[in-house]
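**Student:** Below: one structure in structure tokens.
The values are calculated or read from the model by the stated rules, or taken from the named source; none is laboratory data. Just so we're clear, the structure is a prediction, and the values are computed from it rather than from any experiment. Positions of Cβ are generated from backbone atoms using ideal geometry, with glycine treated the same way; all protein chains shown enter the neighbour counts. These accessible areas exclude ligands, DNA and RNA; they are computed on the full protein's heavy atoms, side chains included. Shrake-Rupley method; radii C 1.70, N 1.55, O 1.52, S 1.80 Å.
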Amino acid sequence: TPDNQLPFIPASEVTSKAASTHLGAELWIVIDNIVYDCSGFVHEHPGGESIIRNFQGQNCSWQFWRFHGRKELAEFGVGIRVGRTEGIGNRFREPIRY
């Protein structure tokens, strides 16, 4: 399914995932307005679980692209997309790159 045909998920629903700390809660993150459910992947993340958990229900686009490329997103991301969203900003300002 192309990204633009994924179901739309309101920002309020995505950000509510950040408040869900109970066992079995879905762990959603946002990269370029696409929502990914990392619940099953978080334990396999080479950088550790805490990296993903720190962005639960949030946008982590620029951080993702600093460490990953399109290859990783195609390999691991396509199968865990749950929808698209908009209006979720990144809580960190992206540093200037030289």
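**Student:** With each pseudo-label sitting 7 Å past Cα toward Cβ, what's the H45-W65 distance in nm, one decimal?
**Tutor:** Calculated label separation equals 1.9 nm.
**Student:** When ligands, DNA and RNA are left out and all protein chains stay put, how many square angstrom of accessible area per residue does the chain have with a 1.4 Å probe?
**Tutor:** It amounts to 65 Å² per residue over the chain.
**Student:** Run the simple label-point estimate for F76 and F8 please: 7 Å along Cα→C-beta, distance reported in nm.
**Tutor:** Distance between the two pseudo-spin positions: 3.0 nm.
**Student:** Right, another one. Just the number, please: carbon plus sulfur as a percent of the accessible area of the chain, 1.4 Å probe, no ligands or DNA/RNA counted. If you can, show how the numbers build up before the last one.
**Tutor:** Numbers: 3410 of 6350 Å².
Result for the chain: 54 percent of the exposed heavy-atom area is carbon or sulfur.
**Student:** Name the residues whose placed amide hydrogens come within less than 5 Å of the amide hydrogen of R84, ignoring near sequence neighbours (fewer than 5 apart) on the same chain.
**Tutor:** HN-HN under 5 Å from R84: F8, I9, V35.
**Student:** Ok, one more. Specify whether the C-alpha gyration tensor of region 1-68 places it in the rounded, prolate or oblate class, a ≥ b ≥ c being the square roots of the eigenvalues: rounded for a/c under 1.5, otherwise prolate if a/b is larger than b/c and oblate if not.
**Tutor:** Oblate, because a/c is 1.5 or more while a/b does not exceed b/c.
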